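I am attaching a structure below and will ask some questions about it afterwards.
The values are calculated or read from the model by the stated rules, or taken from the named source; none is laboratory data. Just so it is clear, the model here is predicted, and its values are computed rather than measured. Counting neighbours? That spans all protein chains shown, and the Cβs are built from the backbone with ideal geometry, glycine included. For accessibility, only protein heavy atoms count, side chains too; no ligands or nucleic acids. Shrake-Rupley method; radii C 1.70, N 1.55, O 1.52, S 1.80 Å.
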Amino acid sequence: MMPHDISAADRESLVDLLAQLFAGPREAPVTIARLMDDMKGRAYPLVVIVFDIANCIPTGIPWLSTITGIPIVILLGQMLMGYESPTLPAFVAGKSIQRGRLQDFLARARRWIVRLENAVHPRRSGWTTGAAGVWLSLAMLLNGVILALPIPFDNLLPAWAVMFFALALLERDGVMAMAGWAMTLATLVWTALLLFFYSEVMALLPGFARQIKEALFG
């Protein structure tokens, strides 16, 4: 089964689904394995959206993009290989996030999520089916890899690219696919600039260290 052949998920509200998944004592952690168990039977794009959505706005949760980005990469790889149901290795499934942080995120983002969901509907499906659907899924996987990498200030753009692509596949929405491609281009440019900046800074560090040493110790 290729990405563009995935059956549609049920039409339960995304906000309601997230509220169910994040429910529980605020101090209690929720593991990736538990989230996966609670989403059994869902379409791949919807599962990806659940893991990705908290990266689309600043949350202050340490390592969130890596904790959620690795499952996204694995899920998309399995989707492209035609796996009927997703599975995650134990070292990924055991990662956890505090429920209270996820609940706070949902409270802040509820209005935005509802507006986003209402804006998505089937249109220009040629952007999401056939070969276009395969290329879209590959681009979504690339963005997932960038999201999972621990690169400072480089999670927002790929998170939005993944979100737009997943919505495009979920609802056969070509406009969302176009937005995903535009965000992918922005992600590649921004990531290249960040990596260039970091490499320049690292190259300058030995010189700064020598100057500080000379200033302090002569």
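By how many degrees, 0 to 90 and rounded to 10, does the Cα axis of helix 156-171 deviate from the longest principal axis of the chain?
That works out to roughly 10 degrees.
With a 10 Å radius around each residue's Cβ, average the other Cβ atoms per peptide and rank 78-87, 156-165, 62-71, 29-38, highest first. Don't jump to the answer; show the numbers that get you there.
On the way: 78-87: 13.2, 156-165: 26.3, 62-71: 20.0, 29-38: 16.3.
Output ranking for 78-87, 156-165, 62-71, 29-38: 156-165, 62-71, 29-38, 78-87.
Rounded to the nearest whole Å², what accessible area per residue is found for the chain with the 1.4 Å probe?
51 Å²
Accessible area of the range 12-90 with a 1.4 Å probe: how many percent of it is carbon plus sulfur? All intermediate terms of the calculation are to be shown ahead of the outcome.
Working: 1940 of 3300 Å².
Answer for the range 12-90: carbon and sulfur cover 59 percent of the accessible area.
Taking each pair of different alpha-carbon atoms in the chain once, compute 1/r for the pair, average those values, and report the inverse of that mean as the Kirkwood hydrodynamic radius in Å to one decimal.
Values: mean 1/r = 0.0544 Å⁻¹.
Taking the inverse mean of 1/r over all distinct Cα pairs, the chain comes out at 18.4 Å.
Could you go through the range 183-195 in sequence order and give the Karplus-derived ³J(HN,Hα) for each residue, using 6.51 cos²θ - 1.76 cosθ + 1.60 with θ = phi - 60°, rounded to whole Hz, and x for Gly and Pro?
Along the range 183-195, the couplings run 5, 5, 4, 4, 4, 5, 5, 5, 5, 4, 5, 4, 5 Hz.
Okay, next question. In debye to the nearest 20, how big a dipole does the chain give about its Cα centre with +1 on each Lys and Arg Cβ and -1 on each Asp and Glu Cβ? Intermediate results must be reported in sequence, preceding the final value.
On the way: 17 positive and 16 negative charges, 70 e Å.
Roughly 340 debye, rounded to the nearest 20.
Give me the extension gain from GLN20 to PHE91: residue separation times 0.36 nm, minus the current Cα-Cα distance, reported in nm with one decimal.
Net length gain for the segment: 23.1 nm.
How big, in percent, is the set of alpha carbon pairs in the range 67-132 lying more than 17 Å apart? Walk me through the numbers before you get to the answer.
On the way: 1431 of 2145 pairs.
Roughly 67 percent, once rounded to a whole number.
Still on this model: With runs of 4+ DSSP H residues as the only contributors, calculate the mean residue ellipticity of the chain at 222 nm using -39,500 (n - 2.57) per run, divided by the residue total and rounded to the nearest 500. Don't skip to the end; give the middle numbers.
On the way: 9 runs with 146 residues, N = 218.
Helices in the chain give a 222 nm mean residue ellipticity of -22500 deg cm²/dmol.
So, R0 is 25 Å and r is the distance between the beta-carbons of ARG34 and LEU149; what FRET efficiency does that work out to, to 0.05?
On the way: r = 25 Å, r/R0 = 1.01.
With a Förster radius of 25 Å, E is 0.50.
Dividing the alpha-carbon Rg of the range 19-83 by 2.2 N^0.38 Å yields what? Before the final figure, lay out each step's value.
Values: Rg = 12.3 Å, N = 65, 2.2 N^0.38 = 10.7 Å.
The value comes to 1.15.
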